[in-house]
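Inspection log for the structure reproduced underneath, given as structure tokens.
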Amino acid sequence: MTDTRPNEAASIEEAEAFLAKHPDISAFDLVLIDPNGIARGKIIRRHELLGLYKSGRHLPGSILGLDVTGEDVDETGLVWDDGDADRIAWPIAGSLVELPWTSPKRGEVRVSLYELDGTRMGADPRHALSRQIEAFNQIGMNPVMAFELEFYLLDATRDANGRPQAARMPITGDLNQTNQVYSLDPLDNMQTFIAELYAHAETQGLPVETMISEYAPGQYELTLRHRDSGLRAADDLVMLKRLVRGLAIRHGMRANFMAKPFGGRSGSGMHLHTSLTDEAGKNLMADTGRDLAPLLLNAVAGLQKTLAESMLLYAPNINSWRRFGRNSYAPTAATWGRNNRSVAIRVPAGNPANRHIEHRTPGVDANPYLVAAGVLAGMYEGIRDTLQPEAEATSYDADSAYGLPADWASAIACASGSAFLSHALGEKMAHVFLALRQSEYDRFIAEVTAEEFDYFSNTI
């Protein structure tokens, strides 16, 4: 089996060094990120780790054909069409870390799926991002990327009406019920949680930087420092989510990564910052004199042109679409602008030498590998065709020539049959992703809610 080992698989030496350094770790989480952005896998014992690095590990391909509830979706072609066949999971280089919040302490190793002959399994989202990075590498460019993570910390208990509520302040025990954006008081009251978060992030090699109190009670934001590897930037994001979720539980809280957990409060985004460097590491998007670089403008134009077809990547489920609305800090049009937080594609203020693009459309519930793949594919198209962006505009006061889907159903329809999406993700990944979204839509649209009963049961 070793003759089918993919070149990008982690070396056995990496595992041997980790085991020697951590004799106290007796079990490891084997983690695969599915198209929904959900971590799936199994726990393996210490003596099994070297076998994974030497020969890979068989896993059913259908693990990438599950919907958000964990149900098989036969339309993906990964269940009965191929007899629920096994593929081989290989460890990702640099992903073997300890899980410092666990007791007894476990480790984690993330994997990607491959066919039995060693070729990439087309439905693995990480491979979709790899393809887009390689496309840029072939023209002498390298994407530099970083994510921002917005989320809610909720109390372990619900309110008197059975509804989720913001977490109590650990020090004072008070409920956080006010909108205190950028306030330091909620951070002070979360200092034990935050201190552990930063310490554990350092242990895992995660470049976590700024934390702020966001635009709703219990909402926070964490930023990640940029990576020269787009793959590693997406890896950082999924690892940080696991860290926040696991640590929150141990502090009597629940981390929530829904795009819109509360109807009347701010939604949670997952903004992606991207620049392009040459082979010497020079930023190709740096300003040219007082003007924005032509390459940056081409990339912006490509993102505008492809945004409608990409929206399902950035807003994959029914809750995702509750986040968008006027004056919500979530964009409603394919607009762009400098130093403007209303637009979909923002060019932040700052050092002209570090100029880059911030894509503000994705929600925190989106799969970061597919988000990054869609963003890079759009940028590539704009650069390849030397497209020019529309005039700068504020999202809520202007309409773009590139109309966006208005809701989940429209986004699914727009993505279906999209040549761009098929190229961005690869045909197999695009097929699986669309099958999952259509299956979930069919299930949700058939469900009769309690609100419907209350509202419509007495109509004539």
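Residues of segment 311-322 being in a helix (DSSP H, G or I) and either among the basic types (K, R) or more than 14 Å from the chain's Cα centre (by Cα) (or both), which ones? Walk me through how you get there before you give the answer.
From segment 311-322, those in a helix (DSSP H, G or I) are 311-314, 319-322; that's our starting set.
Those that are in a helix (DSSP H, G or I) and either among the basic types (K, R) or more than 14 Å from the chain's Cα centre (by Cα) (or both): N319, W321, R322.
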Matching residues in segment 258-294 - criterion: being touching a Leu at 6+ places or on another chain (Cβ under 7 Å), within 19 Å of I133 (Cα to Cα) and surrounded by 20 or more Cβ atoms within 10 Å (Cβ to Cβ): L276, M285
Matching residues, segment 74-93, being surrounded by 17 or more Cβ atoms within 10 Å (Cβ to Cβ), more than 13 Å from E115 (Cβ to Cβ) and in contact with a strand residue (DSSP E or B) (Cβ under 7 Å, 6 or more places away or on another chain): V79, P91, I92
Can you find a residue in segment 397-405 that is touching a Cys at 6+ places or on another chain (Cβ under 8 Å), of a type outside the set (G, A, S) and either part of a loop (DSSP other than H, G, I, E, B) or without any contact (Cβ under 8 Å) to a residue 60 or more places away in the chain (or both)? yes
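Looking at S213, S183, which one is assigned by TED's automatic domain parsing to the domain that holds L370, small (G, A, S), over 30 Å from V109 (Cβ atoms) and at pLDDT below 75? Give the derivation first.
Working: S213 fails: at pLDDT below 75.
Going through S213, S183 in turn, just one is assigned by TED's automatic domain parsing to the domain that holds L370, small (G, A, S), over 30 Å from V109 (Cβ atoms) and at pLDDT below 75: S183.
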Residues that are without any contact (Cβ under 8 Å) to a residue 60 or more places away in the chain and not in a loop (DSSP other than H, G, I, E, B), drawn from segment 444-460: I445, A446, A450, E451, E452, F453, D454, Y455, F456
Are any residues in segment 1-33 at pLDDT 95 or above, more than 26 Å from the chain's Cα centre (by Cα) and either within 14 Å of R110 (Cβ to Cβ) or not in a loop (DSSP other than H, G, I, E, B) (or both), and if so, which ones? I12, E13, E14, A15, E16, A17, F18, L19, A20, K21, A27
Test result for S422, closer than 23 Å to M258 by Cβ and in a helix (DSSP H, G or I): no
Looking at segment 45-75, which of the residues that are closer than 12 Å to L32 by Cα, hydrophobic (A, V, I, L, M, F, W, C) and in a helix (DSSP H, G or I) is farthest from the chain's Cα centre (by Cα)? I63
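Before we move on, is A146 modelled with pLDDT of 75 or more, hydrophobic (A, V, I, L, M, F, W, C) and either within 24 Å of the chain's Cα centre (by Cα) or in the same structural domain as I249 (by TED's automatic domain parsing) (or both)?
Values: modelled with pLDDT of 75 or more: yes; hydrophobic (A, V, I, L, M, F, W, C): yes; either within 24 Å of the chain's Cα centre (by Cα) or in the same structural domain as I249 (by TED's automatic domain parsing) (or both): yes.
Answer is yes for this residue.
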When you go through D67, D72, D117, D86 one by one, which is the residue that is at pLDDT below 95 and out of contact with any Ser or Thr (no Cβ under 9 Å at 6 or more places or on another chain)? D86
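The values are calculated or read from the model by the stated rules, or taken from the named source; none is laboratory data. Note that the coordinates shown come from a computational prediction; the quantities given were computed from them, not determined experimentally. Here Cβ is always computed from backbone atoms with ideal geometry, including for glycine, and neighbour counts include all displayed protein chains.
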